[in-house]
1. Could you list log10 I(q)/I(0) for the stretch 235-278 at q = 0.17 Å⁻¹, which the Debye formula gives when each Cα is one point scatterer?
2. Taking the Cα centre of the stretch 240-292 as the origin, how large is its charge dipole in debye, to the nearest 20, when only Lys and Arg (+1) and Asp and Glu (-1) carry charge on their Cβ atoms?
3. What accessible area per residue, rounded to a whole number of Å², is obtained for the stretch 170-269 using a probe radius of 1.4 Å?
4. Just the number, please: Stokes-Einstein D of the stretch 218-326 in µm²/s, Kirkwood Rh from C-alpha pairs, 4 °C, 1.567 mPa s.
5. Can you tell me the Rg and the Dmax, both Å, for the Cα atoms in the chain?
6. What is the chain's relative contact order, in percent, from Cα pairs under 8 angstrom and six or more apart in sequence?
7. Determine Rg/Rh for the stretch 44-167; Rg is computed over alpha-carbon atoms and Rh is the Kirkwood hydrodynamic estimate from the same atoms.
8. Leaving ligands, DNA and RNA out of it, report the carbon-plus-sulfur percent of the accessible area of the chain at a 1.4 Å probe.
Amino acid sequence: MLDPPEHDRKRRLVTRQFGPPHTPQMIDDMKSELTHIVNDLIDRMQDRSRIDIVDDFAYPFPVTVICRLLGVPEEDEPRFHVWADAIVASLDPLPQDDDEQPTMDETQARREIEQYMGELIQSRRDQPGDDMLSRLISDESGDGHLSPTELTSTSILLLIAGHETTVNLMANGWLTLSRNPGVLERLRNEPGLVVPLVEELLRFEPPVQFLANRTALADISLDDVTIPKGSIVNLLLAAGNRDPEQFADPDQFIPDRTDNRHFGFGNGIHYCFGAPLARLEVQIALDALARRLVNPQLVLDPPPYRQNALLRGPRHLHVDIDGIQA
Ligand code: HEM
């Protein structure tokens, strides 16, 4: 929500902890832990004949990862699940009736999560651990350090971003694979395919459909239209991802599409800095599901969707299976 230079200062301070150039190995070093979490979640489906890709897998996986990364106790997850639900529902500029309404209103959720994070930050200040929150607290750079309020808002942003986006990419991904069984079969036999496939998912079924309420800082000419300075603009990322002037056969899911410059993670100065982590999570997840679920069959197509115009993804994705491959 910030503009430069304030945005850039904060972004530099946080991205220092998140990858190159300061911590270049960080995401790569997480590979084996991510694979372990994924296989553990799949092992737990051992005796089941029906699973929910959302509740049993796509939600708990990134949540576990972001909690461990930040140093948020995993046992508190049921509490911030409620907060994250309420906050994300409030981001929708076009709210609709939903069978599964958040159980808390946004103001209360924001108050409670701020208090929770504030207390957690204080306890890490007193007793630092080997986690990102502790590093954000103690780190000093040319940009100074984050103030207590900035620390709280940034860690809430990371926690919610880690909660509510990757789950949709995984669920949209499994749905798309189920609708394209030939691609699912290719994925089982060509492990390298998962890399371009995840990019194509970010183009074809992006979890973040649009970015609302941007302001044009200058007159902008696009073809024969001028967007006057000061206008409020909504950026329809998902529509841009299907631009026929940019993408051949834009409505086709082509898992090994090349030159795939999609808007799945936005663009420009606010480009998602969780992108390397999200990519790796979804690559590992889809690869493992494809190899380990025996004869997976979608129960309902289309599945029930969450009623949120901003974030697109199934609420549940039930799949019948004949077992789990070791
Ligand atoms: C598939 C998963 C994800 C998707 C589709 C996604 C999508 C996006 C998009 C579209 C933006 C641009 C927002 C804008 O321009 O205002 C964004 C920004 C951001 N994302 Fe993600 N994201 C994902 C995962 C993550 C994860 C895992 C994290 C953190 C752990 C994260 C942290 C952030 C942050 C902090 C920003 C704001 C950056 C800034 O304003 O400079 N995201 N994300």
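1. -0.54
2. Here the stretch 240-292 has a charge dipole of around 280 debye.
3. It amounts to 54 Å² per residue over the stretch 170-269.
4. 73 µm²/s
5. Looking at the chain, its Cα Rg and Dmax stand at 20.3, 60 Å.
6. Relative contact order, the chain: 24 percent.
7. For the stretch 44-167, the value is 1.02.
8. Exposed carbon and sulfur together represent 51 percent of the surface.
The values are calculated or read from the model by the stated rules, or taken from the named source; none is laboratory data. Bear in mind the structure is a predicted one, so any value in this text is a computation, not a measurement. Please note: Cβ atoms are built from the backbone with ideal geometry, for glycine as well, and neighbour counts cover all protein chains shown. Areas reflect the complete protein model, heavy atoms only, side chains present, ligands, DNA and RNA absent. Shrake-Rupley method; radii C 1.70, N 1.55, O 1.52, S 1.80 Å.
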